[in-house]
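The values are calculated or read from the model by the stated rules, or taken from the named source; none is laboratory data. Note that this is a predicted model, so its numbers are computed, not measured. A quick note on method: Cβ atoms are made from the backbone with ideal geometry, for glycine too, and the neighbour counts reach across all protein chains shown.
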2 protein chains.
Amino acid sequence: MGVDPGLTRCGISTVQAGRGRSVLPVAVGVIRTDASDDLSTRLLDISMKIDEWMDEYHPDMLAIERVFERGVVSTVMHTAHAVGVIIVCAARRDIPVYMYTPSEVKKAVSGNGRADKKQVTAMVTRVLGLAEPPRPADAADALALAICHCWRAPMLGLSGGQNPGWSASRHK
Amino acid sequence: MGVDPGLTRCGISTVQAGRGRSVLPVAVGVIRTDASDDLSTRLLDISMKIDEWMDEYHPDMLAIERVFERGVVSTVMHTAHAVGVIIVCAARRDIPVYMYTPSEVKKAVSGNGRADKKQVTAMVTRVLGLAEPPRPADAADALALAICHCWRAPMLGLSGGQNPGWSASRHK
């Protein structure tokens, strides 16, 4: 499961790692919360919708974007609140959580840590063999995170092999 | 209920608003998480301990510190994740959440938005009529937040009267 966290729009995706670098699309969606609601109502909405998604797709692991202190303070903090909420949803189910920075995701998916949204969306579309690009951008980013994790954790595509980089990507 | 959020140490308190400016101490504590655990384990610990506290004290409302982008990035983000988790604990129980900046708390409790920890602890001790200062600082800060909220929401000390400033302090 890949999540591009946000309070107003939160991209969520499920993919299935195949052999080698093949990744199969399973589902993608966007959780939206109402900006006129209280912060607590919005975070609860996200928590419940993440739970529903996990109930439906039973993910083995969660890849989520690491939040940095860039951009508007309140937006960054709101996103960081949402990340905490989403991580706890995973922790309650014993689903391990892996965090990736935007540039790690871009680099893994497109080979370039500074790729723009269009390039990332094009690569996601190609890798997953989709008939058309996923929309909105949050959905494409959630898929990119999931693909990034599949490729960064090669044991998924093999048969239980150990990857030395694996534990390093499980952040504290 | 007042919470001074943090991933490693999280101050928690319960007070009872009395008549006028009187505030009675009920309980105070600190949730600690193990720095050698995964972020997800630590956030889940916080979530469960906040739930236990709420089960025991049935708070009517939650006052929590608003996180700013000061200090070490990872610490700020960890605290912001914890805040999201704690807010959802309140939201699940329909407990309204109010956020205050450190300077709002200091100003409300000591009259000075730049008061140091010692001054805040001294005022908390006096207001609550404690025999000795609450320790550690996170515990004192959690009490200061609760007192701040009691004083900023005068309807608590009266008999159900409306306070025009009330809704303004319930942040989005």
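Here are the numbers for the structure shown:
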{"quantity": "Total residues in the range B:101-121, condition under 16 Å from the mean Cα position of the chain (by Cα) and closer than 23 Å to A:Ser74 by Cβ", "calculated": "8"}
{"quantity": "Extreme residue, farthest from the other protein chains (Cβ to nearest Cβ), among residues of the range B:34-46 that are assigned to a helix (DSSP H, G or I) and surrounded by fewer than 24 Cβ atoms within 10 Å (Cβ to Cβ)", "calculated": "B:Asp45"}
{"quantity": "Which numbered condition A:Leu39 misses (of (1) within 10 Å of B:Gly84 (Cβ to Cβ); (2) under 18 Å from the mean Cα position of the chain (by Cα))", "calculated": "(2)"}
{"quantity": "Number of positions in the range B:51-78 that are part of a helix (DSSP H, G or I) and either out of contact with any helix residue (DSSP H, G or I) (no Cβ under 9 Å at 6 or more places or on another chain) or surrounded by fewer than 24 Cβ atoms within 10 Å (Cβ to Cβ) (or both)", "calculated": "12"}
{"quantity": "Filter result for the condition that a residue is touching a helix residue (DSSP H, G or I) at 6+ places or on another chain (Cβ under 7 Å) and modelled with pLDDT of 95 or more, over B:Leu156, B:Leu145", "calculated": "B:Leu145"}
{"quantity": "Neighbours by Cβ (under 9 Å, 6+ apart or cross-chain): first from the range B:1-27, without any contact (Cβ under 8 Å) to a residue 12 or more places away in the chain; second assigned to a strand (DSSP E or B) and not basic (Lys, Arg)", "calculated": "B:Gln16/B:Val23; B:Gln16/B:Leu24; B:Gln16/B:Pro25; B:Gln16/B:Val26"}
{"quantity": "Residue count, the range A:79-102 (criterion: touching a Lys or Arg at 6+ places or on another chain (Cβ under 9 Å) and not in a helix (DSSP H, G or I))", "calculated": "6"}
{"quantity": "Pair list, Cβ < 6 Å and 6+ apart or interchain, from the range A:44-72 residues that are under 22 Å from B:Val88 (Cα atoms) to residues that are acidic (Asp, Glu)", "calculated": "A:Glu65/A:Asp4"}
{"quantity": "Long-range neighbours under 9 Å by Cβ, at least six apart or interchain, first residue more than 7 Å from every other protein chain (Cβ to nearest Cβ) and without any contact (Cβ under 8 Å) to a residue 60 or more places away in the chain within the range B:80-93, second of a type in the set (A, V, I, L, M, F, W, C) and outside any helix (DSSP H, G or I)", "calculated": "B:Cys89/B:Leu62; B:Cys89/B:Ile95"}
{"quantity": "Complete set of residues in the range A:58-78 that are over 19 Å from B:Val67 (Cα atoms) and over 14 Å from the mean Cα position of the chain (by Cα)", "calculated": "A:His58"}
{"quantity": "Hits in the range A:1-33 - residues which are surrounded by fewer than 17 Cβ atoms within 10 Å (Cβ to Cβ) and in a loop (DSSP other than H, G, I, E, B)", "calculated": "A:Thr8, A:Gly18, A:Arg19, A:Gly20, A:Arg21, A:Ser22"}
{"quantity": "Those residues of the range B:67-98 which are of a type in the set (A, V, I, L, M, F, W, C) and at pLDDT 95 or above, in sequence order", "calculated": "B:Ala80, B:Ala82, B:Val83, B:Val85, B:Ile86, B:Ile87, B:Val88, B:Cys89, B:Ala90, B:Ala91, B:Ile95, B:Val97"}
{"quantity": "Count of the range B:25-41 residues which are of a type outside the set (Asp, Glu), out of contact with any strand residue (DSSP E or B) (no Cβ under 6 Å at 6 or more places or on another chain) and more than 16 Å from B:Ile12 (Cα to Cα)", "calculated": "4"}
